[in-house]
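See structure below.
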Amino acid sequence: SNNQMSISLYGGQIDMIEKLGVQLYTIRNQMGSAEEIRESFRKLKKLGYDQGQTAGCQIPYAEFGQIAREEGIEIVGTHDDFDMMVNDFDKAWENHQALGTKIMGIGGLLCRTPEELRAFIEKANAVGAKAHARGGKFTYHHHSHEFIRWDGGVRAIDMLVGELDPETTSFVLDTYWVQHGGGDVRNWIKKLSGRIDILHLKDMGRDDKGPYITEIGNGNLYWEGILDEAAQAGVKYYVVEQDSCPGDPFESLRRSSDYIHAHFMK
């Protein structure tokens, strides 16, 4: 039966994640100086993280990249300065080279009308084309507001999927924000198969006030199904992100790492 097939499929892919990454926004308050960055990277390594995605750099890119290399953290993508990508692409590319990644992206965007979004898409495709010519890509990280229906039922997410060039751009799909927007996480991963270089692993819990971001395994997302779908969709990087933590973010990252290592890694 289908059910059995998915179980055996899943059974065969239980070790589907080879390396675990972290979106450094999670520890943004521990990334101020070169010393702090080095110390934070050492802590991440001990917790089982080998990759990082930046959320801007507080220190020069060359220095940031060097510390990451020395501490064994591979930078696999960025949330960086879109204006620089548009207006001084060579400089932006140089910064990404210094970090050791060819995946340049933004962490968010709020457009209030289809016209505003179309203007952004045009710029994003131009940046993507330049990145692609050098072996790279432009990535877009969404939140849940892209799932709001504008007049006529159009959603920003549909425009982005339909109009961003799949050859030169890709999505940083975020499990929490898809769910928060009312989407089906597995369906969106399937729909964007081949177009997700980085998957943000973010769990959703629920309390009296509503949904909240929590540690992987501490919420209600169906990780077996999500990660099975992600493996089939060709996701390259699995990146834990926790925008807000109840206490020490490293403690939250430890819990997420322990859960993922226990269930989904070799």
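The values are calculated or read from the model by the stated rules, or taken from the named source; none is laboratory data. This one's a predicted model, so the numbers in the text were calculated from it and none came from an experiment. Cβ coordinates were reconstructed from backbone atoms using ideal geometry, including for glycine residues, and neighbour counts include every protein chain displayed. Keep in mind that these areas ignore ligands, DNA and RNA; they rest on the heavy atoms of the full protein, side chains included. Shrake-Rupley method; radii C 1.70, N 1.55, O 1.52, S 1.80 Å.
Work out the length of the dipole vector of region 113-156 about its Cα centre, built from +1 on the beta-carbon of each Lys and Arg and -1 on the beta-carbon of each Asp and Glu, and round it to the nearest 20 debye. Present the calculation step by step, with values, prior to reporting the outcome.
On the way: 7 positive and 5 negative charges, 62 e Å.
Its charge dipole is roughly 300 debye.
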Point to revise | Spin-label model distance (nm) - E163 vs H263, 7 Å beyond Cα toward Cβ | key: 3.8
Point to revise | Dmax and Rg, reported as Rg then Dmax, of region 116-266 (C-alpha, Å) | key: 16.2, 50
Check your understanding: Which value in deg cm²/dmol, rounded to the nearest 500, describes the helix-derived mean residue ellipticity at 222 nm for the chain, given -39,500 (n - 2.57) per DSSP H run of n ≥ 4 and division by the residue count?
Key -> -13500 deg cm²/dmol
Check your understanding: So how strong a dipole does the chain carry about its Cα centre when Lys and Arg Cβ are +1 and Asp and Glu Cβ are -1, to the nearest 20 debye?
Key -> 400
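Quick check: residue separation of K91 and D208 times 0.36 nm, minus the Cα distance between them. What number comes out in nm?
Full-extension gain reported as 37.4 nm.
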Review point. Can you list the residues of region 58-89 with backbone N under 16 Å from a point 7 Å past the Cα of A34, pointing along Cα to Cβ?
Key: 58-71
Practice item. For region 183-191, just list the computed ³J(HN,Hα) in residue order, Karplus coefficients 6.51, -1.76 and 1.60, θ = phi - 60°, integers in Hz, with x standing in for Gly and Pro. Key: x, 9, 4, 5, 5, 5, 5, 5, 4
Exercise for review: Please report, in whole Å, how far the alpha carbons of region 62-118 spread along each principal axis, starting with the longest.
Suggested key: 45, 20, 14
Practice item. Work out from phi, with θ = phi - 60° and the Karplus expression 6.51 cos²θ - 1.76 cosθ + 1.60, the ³J(HN,Hα) of each residue of region 167-173, listed in order in whole Hz, and give x for Gly and Pro. Key: 7, 10, 10, 8, 9, 9, 6
Review point. Dipole of region 123-252 (Lys/Arg Cβ +1, Asp/Glu Cβ -1, origin at the Cα centre): which of G217, Q232, S244 lies farthest to the positive side?
Key: Q232
Check your understanding: Residue-wise, which Karplus ³J(HN,Hα) couplings in Hz belong to region 103-117, taking 6.51 cos²θ - 1.76 cosθ + 1.60, θ = phi - 60°, and x for glycine or proline?
Key -> 9, 10, x, 10, x, x, 6, 10, 10, 8, 9, x, 5, 4, 5
Check your understanding: For region 21-61, what is the charge dipole size about the Cα centre, in debye to the nearest 20, if Lys and Arg each add +1 at the Cβ and Asp and Glu each add -1 at the Cβ?
Key -> 120
Review point. What accessible area per residue, rounded to a whole number of Å², is obtained for region 175-266 using a probe radius of 1.4 Å?
Key: 43
Point to revise | Å² of accessible area per residue within region 68-138, as computed with a 1.4 Å probe and no ligands counted | key: 47
Exercise for review: With a 1.4 Å probe and every protein chain kept in, tell me what percent of the accessible surface of the chain is carbon plus sulfur.
Suggested key: 47
Exercise for review: Indicate the gyration tensor shape class of region 40-186 (rounded, prolate or oblate), computed on the Cα atoms with a ≥ b ≥ c the square roots of the eigenvalues: a/c under 1.5 is rounded; otherwise a/b larger than b/c is prolate and the rest oblate.
Suggested key: oblate
Revision key, fill the gap. Semi-axes (Å, rounded, descending) of the ellipsoid equivalent to region 205-260 per its C-alpha gyration tensor are 22, 15, 9
Exercise for review: Report Rg (one decimal) and Dmax (nearest whole number) for region 6-105, counting Cα atoms only, units Å.
Suggested key: 15.4, 50
